[in-house]
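Accompanying notes for the structure given below.
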Amino acid sequence: MSNAYLAKSMPDAHSEPPASNADALAREERRENTSMLLLLAPALFMVVVLLILPMCWLAFQSVQTEDGFSLANYARIFEERIYWDTFYLTFKISLIVTLLSIVMGFPIAYAASRLQGFWANLILICVILPFWTSVLVRSYAWLVLLQRRGVVNQTLLDMGIIDQPLNMMHNTTGTVIGTLHVMLPFMVLPLYSVMKKIPQDLMQASESLGAKPFYTFRRVFLPMAAPGVMAGSILVFVICLGFFITPELLGGGRTILVSMLVQRNVELYHAWGAASAVGLVLLFVVFLIFWGINRFIPIERILGAR
Amino acid sequence: MNTLAYLRQLRLSHVLFTVLVAAILLYLIIPVLIVVPMSFSEARFLQFPPKEWSLRWYEAFFHSAEWMSAARVSLITAVVTTAVSLPIGMAAAYAINNSSLKVIRTLQIVLLLPMMVPIILIAAGVFFVYARVGLISSLTGLVLAHIMLALPYVIIALLAGLRNFDMSQEMVARSLGMNRFRAFMAVTLPQIKPSVVSATLFAFITSLDETVVALFISGGDNQTLTKRMFTALRDEIDPTIAAISSILILASLILVVVAGRNKQG
């Protein structure tokens with residue numbers, strides 16, 4: 001870092017013979033590198049001790065049984081119906097929520113990015129206020145809304161739309177409705193920030209060349225918004241895969257997802273081997289997705305979109 | 001005539017689109033708003049809109065030693081987590097921004113891991129480690145875990161500020177004789193203040209909101225508000241939760257305003 005060297009040595013720059021400059025620069029660069037690594041050390045220490053080492057230990061546990069090394073815990077995932085079904089359901093729900101959040105997130109991000117002033121702010125507040133509100137609070141609200149005698153059922157009954165209360169809790173419906181509500185802002189915010197940067201002039205240029213609005217939208221706007229859709233989808237899908245709180249409260253112990261399998265194996269059965277194997281398969285899938293997407297969009301950008 | 005038909009069609013699609021957007025926004029905002037009137041209901045069972053109004057659920061919250069203790073634990077944890085993760089995260093963000101070392105790029109990804117690894121796994125891992133070293137149910141353990149979880153948010157927020165800052169200003173200060181730390185404090189820090197504010201908000205909210213790790217490792221006198229709420233929600237729906245939720249919604253409203261001001265200023 002020649003600049004750092006310059007800064008340090010400015011006052012006595014003339015007193016040093018030019019011959020030693022290369023050495024001094026190299027020494028200075030080493031010192032700079034060391035001090036940067038030292039600055040990084042405390043944060044790194046926290047993550048290594050409280051995250052990486054425990055993960056290594058989980059990996060160790062997953063291949064360990066009373067008779068020593070064994071892959072039985074992994075075999076079980078493929079052999080036992082309940083494990084396989086849980087993984088399948090988790091992927092299904094994550095996929096549904098991701099698709100729905102694209103379908104619902106796109107229009108509001110579009111509207112917010114094309115509007116100005118009061119209306120744009122109103123839309124953003126409707127997205128950001130839930131985003132900053134505790135997931136527990138929102139799950140509670142959905143419990144209140146979706147119960148058998150809850151607000152939604154009461155309203156629909158009073159309006160005569162239904163004769164029987166709908167079952168919207170302790171099943172996939174409730175899980176999807178509640179999870180989607182948590183995930184939607186994760187889709188809208190990156191979409192909005194991408195769409196906001198698309199200049200209006202491009203649309204006008206396209207239309208002045210004779211393109212119909214829909215054609216302009218499809219050929220000009222959509223390709224430019226695609227990175228936002230991609231970033232949002234990855235974020236939503238990955239968070240869904242490991243999501244625990246809302247599915248647990250709204251699924252009510254009947255819609256079992258992978259995260260609940262881990263939690264139950266640890267807390268109820270103390271089956272560390274099973275919990276670790278399930279968890280590591282989940283982790284592997286998540287890393288695979290991040291690794292795949294990293295070639296198109298840097299991970300930091302995706303995570304920073306929150 | 002043709003143009004008129006086209007215009008009419010355009011108007012119709014406009015109306016449909018507006019209705020669609022309004023419906024999605026209602027879906028987003030209604031769950032946040034519905035909790036507030038429920039919290040002022042007199043009834044023990046859920047009814048909406050409430051038939052009689054009262055403050056009994058707020059009294060239930062503020063007069064309960066258990067809820068108050070949980071709120072205190074959550075607040076202390078959030079404050080300490082923020083106070084510790086900010087300097088640690090700042091040091092890391094500074095190093096990432098200023099160093100051209102290749103290994104630092106890799107380490108940067110490592111520092112983002114707490115955001116990538118599913119929280120349930122982090123909770124299981126931390127639970128195991130704490131069981132060995134006797135940190136289960138301790139405030140220290142809770143704070144340490146929350147610092148680790150908050151670090152990536154802090155680092156991302158601060159990096160955004162540092163990347164837009166011209167580091168040669170700090171160089172100038174140093175070439176004029178300030179040491180590096182003083183130059184940072186006097187020149188760089190004041191200019192990246194908005195990103196420091198958002199890092200603070202993120203660290204605080206990450207800790208205050210965190211439920212899954214707290215579910216595994218907090219207990220006894222050191223249960224967090226989130227853990228108590230989660231347990232209460234799973235067992236039976238106690239309207240006290242509506243009162244707590246309303247207080248938390250008010251808190252997030254304040255945060256949104258602060259964050260909005262911060263962005264503009």
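The values are calculated or read from the model by the stated rules, or taken from the named source; none is laboratory data. Please read all numbers here as calculations on a predicted model, not as lab measurements. Quick reminder, even Gly has a Cβ in these numbers, built from the backbone with ideal geometry, and neighbours come from all protein chains shown.
Suppose we filter the range A:266-282 for residues that are more than 9 Å from chain B (Cβ to nearest Cβ) and more than 24 Å from the chain's Cα centre (by Cα); how many remain? Give the derivation first.
First, the residues of the range A:266-282 that are more than 9 Å from chain B (Cβ to nearest Cβ): A:268-271, A:273-274, A:277-278, A:281.
From the residues that got through so far, the ones that are more than 24 Å from the chain's Cα centre (by Cα) too are A:268-271, A:273-274.
Here the count works out to 6.
Checking each residue in the range B:85-100 for being surrounded by fewer than 18 Cβ atoms within 10 Å (Cβ to Cβ) and part of a loop (DSSP other than H, G, I, E, B) picks out only B:100.
Count of the range B:42-83 residues, restricted to those that are of a type in the set (Asp, Glu) and assigned to a loop (DSSP other than H, G, I, E, B), is 2. One residue stands out among those in the range A:18-51 that are at the interface with chain B (Cβ under 7 Å from one of its Cβ atoms) and closer than 30 Å to residue A:278 by Cβ: the one that is surrounded by the most Cβ atoms within 10 Å (Cβ to Cβ), which is A:43.
If the condition is being surrounded by fewer than 20 Cβ atoms within 10 Å (Cβ to Cβ) and more than 13 Å from chain B (Cβ to nearest Cβ), then the range A:88-115 contributes A:88, A:89, A:91, A:92, A:95, A:96, A:99.
Scanning the range A:283-296 for residues that are within 11 Å of chain B (Cβ to nearest Cβ) and in contact (Cβ under 8 Å) with a residue 60 or more places away in the chain returns a single hit, A:283. Looking across the range A:237-265 at every residue that is under 16 Å from the mean Cα position of the chain (by Cα) and among the hydroxyl-bearing types (Ser, Thr, Tyr), the one that is farthest from the other protein chains (Cβ to nearest Cβ) is identified as A:246.
Screening the candidates B:150, B:157, B:145 for the property of being facing chain A (nearest Cβ under 7 Å) and in a helix (DSSP H, G or I) yields one hit, B:145.
Across the range A:121-167, what is the number of residues that are among the hydroxyl-bearing types (Ser, Thr, Tyr) and in a helix (DSSP H, G or I)? Show your work before the answer.
Here is the first cut: in the range A:121-167, the residues among the hydroxyl-bearing types (Ser, Thr, Tyr) are A:133-134, A:139-140, A:155.
Then drop every residue that is not in a helix (DSSP H, G or I), which leaves A:139-140, A:155.
The total comes to 3.
Residue B:167 passes every criterion in (1) closer than 30 Å to residue A:280 by Cα; (2) surrounded by fewer than 22 Cβ atoms within 10 Å (Cβ to Cβ); (3) in contact (Cβ under 8 Å) with a residue 40 or more places away in the chain apart from (1). What is the residue count in the range B:181-211 for residues that are crowded, with 19+ Cβ neighbours inside 10 Å, in a helix (DSSP H, G or I) and among the charged types (D, E, K, R)? Going through the range B:181-211 one residue at a time, the tally reaches 1.
Rundown of residues vs (1) in contact (Cβ under 8 Å) with a residue 24 or more places away in the chain; (2) over 24 Å from residue B:228 (Cα atoms), yes/no style:
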{"residue": "A:214", "(1), (2)": "no, yes"}
{"residue": "A:217", "(1), (2)": "no, yes"}
{"residue": "A:240", "(1), (2)": "yes, no"}
{"residue": "A:244", "(1), (2)": "no, no"}
{"residue": "A:249", "(1), (2)": "yes, no"}
{"residue": "A:256", "(1), (2)": "yes, no"}
{"residue": "A:266", "(1), (2)": "no, no"}
{"residue": "A:269", "(1), (2)": "no, no"}
{"residue": "A:274", "(1), (2)": "yes, yes"}
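For residue B:121, the conditions (1) surrounded by 24 or more Cβ atoms within 10 Å (Cβ to Cβ); (2) without any contact (Cβ under 8 Å) to a residue 40 or more places away in the chain; (3) over 20 Å from residue A:44 (Cα atoms) all hold with the exception of (3). Applying the selection to the range B:200-213, what residues are of a type in the set (S, T, N, Q), within 11 Å of chain A (Cβ to nearest Cβ) and touching a residue at least 24 places away in the same chain (Cβ under 8 Å)? The answer is B:206, and nothing else.
Within the range B:214-237, the residues that satisfy the criterion of being more than 10 Å from every other protein chain (Cβ to nearest Cβ) and either surrounded by fewer than 20 Cβ atoms within 10 Å (Cβ to Cβ) or hydrophobic (A, V, I, L, M, F, W, C) (or both) are B:214, B:217, B:219, B:220, B:221, B:231, B:235, B:236.
Would you point out the residue of the range A:151-179, among those that are under 22 Å from residue B:229 (Cβ atoms) and either in contact with a Cys (Cβ under 9 Å, 6 or more places away or on another chain) or free of Cβ contacts under 8 Å to residues at least 12 places away in the same chain (or both), that is surrounded by the most Cβ atoms within 10 Å (Cβ to Cβ)? Top of the filtered list is A:179. In the condition set (1) facing chain A (nearest Cβ under 9 Å); (2) at pLDDT below 95, residue B:197 is compliant with all but (1).
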